[in-house]
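Contents: one structure, followed by commentary.
The values are calculated or read from the model by the stated rules, or taken from the named source; none is laboratory data. The model shown is predicted, which means the values in this text are computed figures rather than measured ones. Please note: Cβ atoms are built from the backbone with ideal geometry, for glycine as well, and neighbour counts cover all protein chains shown. Just the protein is used for accessible areas: all its heavy atoms, side chains included, with ligands, DNA and RNA removed. Shrake-Rupley method; radii C 1.70, N 1.55, O 1.52, S 1.80 Å.
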Amino acid sequence: MIRTNENYSKLKASYLFSDIAKRVDEYQKNNPEANIIRLGIGDVTKALPKECIKGFHAGVDEMADDATFRGYGPEQGYDFLRQKIAQHDFQSRGANIHADEIFVSDGAKCDTGNFQELFANDIKIAIPDPVYPVYLDTNVMAGRTGTFENGRYQGLIYMDCLKENHFLPKLPDEPVDLIYLCFPNNPTGATATKEELALWVDYAKENRALILFDAAYEAYIRDDELPRTIYEIKGARQVAVEFRSYSKTAGFTGTRCGYTVVPKECMIYDANGDAVFLHSMWTRRHTTKFNGVSYPVQKAAEAIYSDQGKVQVKALVDYYLKNADIVRQTVTELGFDYVGGKNSPYIWVDGKGRDSWEFFDLLLKKASVVCTPGAGFGKCGQNYIRISAFNSHENVQLAMKRLKETL
Ligand code: PLP
């Protein structure tokens with residue numbers, strides 16, 4: 001008899017964004033004339049940069065000719081892309097990362113979700129609250145947690161990210177083995193300085209722990225003092241894996257491409273406490289279960305690093321950051337406390353004691369604006385909403401006008 005993976009029954013009944021979609025659909029059905037503005041799910045709205053499209057087309061044309069056609073490519077990505085990543089995203093910032101430490105993939109969701117399968121089941125995991133739900137759910141699926149009780153999975157170490165600690169996780173009081181960090185953060189938009197990241201790198205070294213560092217929103221950092229990669233921190237090569245995504249950098253949410261960095265020195269430990277190189281383990285996993293990103297998509301990604309591509313990508317991110325400015329200005333005028341929106345496309349708004357779903361319903365029903373209720377990201381989000389900057393200037397301006405009228 002074929003049987004289920006019982007861990008799936010521990011998962012909360014539905015995914016946050018399907019709950020939101022249900023409420024929005026129902027509202028639209030009952031109010032067909034309402035012009036709903038969506039500042040909820042973090043999906044981009046603007047087209048791919050022109051240089052990426054050129055690269056994409058060139059890749060497709062090569063596929064159309066026997067002389068230039070390509071079949072299976074290297075699972076870790078073509079060298080032309082890995083070299084550019086290492087040079088432009090890391091070496092240019094003084095971070096010592098090499099092309100053969102880059103694993104090109106179809107995005108950071110899969111990589112952050114898949115990476116946990118390299119670890120033992122009884123490790124101690126520290127996870128921020130609020131958090132991008134993928135880190136949590138994939139560990140639940142793998143059986144690394146107990147049941148969901150009072151808003152939390154048993155067996156995990158939750159790191160509360162609240163106003164009191166500037167929405168930055170505190171070092172755990174007890175030793176942990178795996179740490180999830182995400183900066184600029186989804187959902188709070190908070191960022192971490194080099195000094196703050198250095199505390200985590202030192203902690204990981206002392207405890208023989210590993211940091212999984214999600215830098216999906218790195219392109220939104222405009223403050224030159226902030227680290228763009230964890231490898232700007234001394235010692236991070238031994239204890240950190242970094243995930244990157246072209247989704248919010250260059251509008252690749254529907255095109256699918258990202259990468260993971262696994263430095264050669266990065267180590268984890270077997271049952272005897274002997275060191276094992278994570279790079280070889282991830283190479284084995286990636287080459288066994290993944291067959292590479294399509295060639296035209298990698299050509300499109302390569303174009304991000306051309307002179308023109310860089311200008312266009314910056315303009316794209318600036319466009320969304322301008323929206324974030326408009327949102328910040330409005331919530332400030334309305335007297336709400338918030339974090340994010342600077343060096344980040346997300347604004348995390350304190351609802352002045354309102355329950356986050358109640359605040360969500362109020363904005364939907366009175367302003368026809370969709371946000372994301374903070375409770376969907378964890379217990380610490382219960383009194384917050386997340387507003388995303390991914391929409392047109394016109395829509396964001398209109399949404400903010402409606403917020404001013406409603407609140
Ligand atoms: N990591 C974080 C923190 C995200 O917010 C997202 C997407 O919203 C992802 C990863 C997923 O990125 P990708 O589109 O590359 O799968």
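Keeping all protein chains in the complex and leaving out DNA, RNA and ligands, what accessible area do you get for L136 with a 1.4 Å probe, in Å² to the nearest 10?
Looks like 20 Å² after rounding.
Of all the Cα-Cα pairs you can form in segment 58-174, what percent are over 18 Å apart?
Cα-Cα pairs in segment 58-174 separated by more than 18 Å: 68 percent.
With springs only between Cα atoms under 10 Å, which of R386, R244, R70 fluctuates most in a Gaussian network model of the chain?
R70
Stick to Cα atoms and the Kirkwood definition of Rh, then tell me Rg/Rh for segment 169-253.
0.97
Leaving out ligands and nucleic acids, and using a 1.4 Å probe, what accessible area per residue does the chain come to in Å²?
Dividing the accessible area of the chain by its residue count gives 44 Å².
Have a look at segment 166-214 and give its Rg and Dmax from the Cα atoms, expressed in angstrom.
So, for segment 166-214, Rg and Dmax equal 10.6, 29 Å respectively.
Over the heavy atoms of E149, what accessible area does a 1.4 Å probe trace out, to the nearest 10 Å²?
Accessible surface of E149 is approximately 90 Å².
Charges on Cβ only, +1 for Lys and Arg, -1 for Asp and Glu, centred on the Cα centroid of the chain; of I125, F360, I304, which one is farthest towards the dipole's positive end?
F360
If you place +1 on the Cβ of every Lys and Arg and -1 on the Cβ of every Asp and Glu, how big does the dipole about the Cα centre of the chain come out, in debye to the nearest 20?
Here the size comes out at about 800 debye.
Of the DSSP beta bridges with both residues in the chain, give the percent that are antiparallel, rounding to the nearest 5.
60
Please report the Cα spread of segment 240-306 along all three principal axes, rounded to whole Å, starting with the longest.
45, 22, 19
Based on Cα positions only, what radius of gyration and what Dmax would you give for segment 53-306, in angstroms?
18.4, 62
Which of the residue pairs K205/K264; K10/K352; K10/K205; K12/K401; K194/K342; K170/K234 have a Cα-Cα distance greater than 24 Å in the structure shown?
K10/K352; K10/K205; K12/K401
Using only helices, what value at 222 nm comes out for the chain when you add -39,500 (n - 2.57) per DSSP H run of length 4 or more and divide by the total residues, to the nearest 500 deg cm²/dmol?
-11000 deg cm²/dmol
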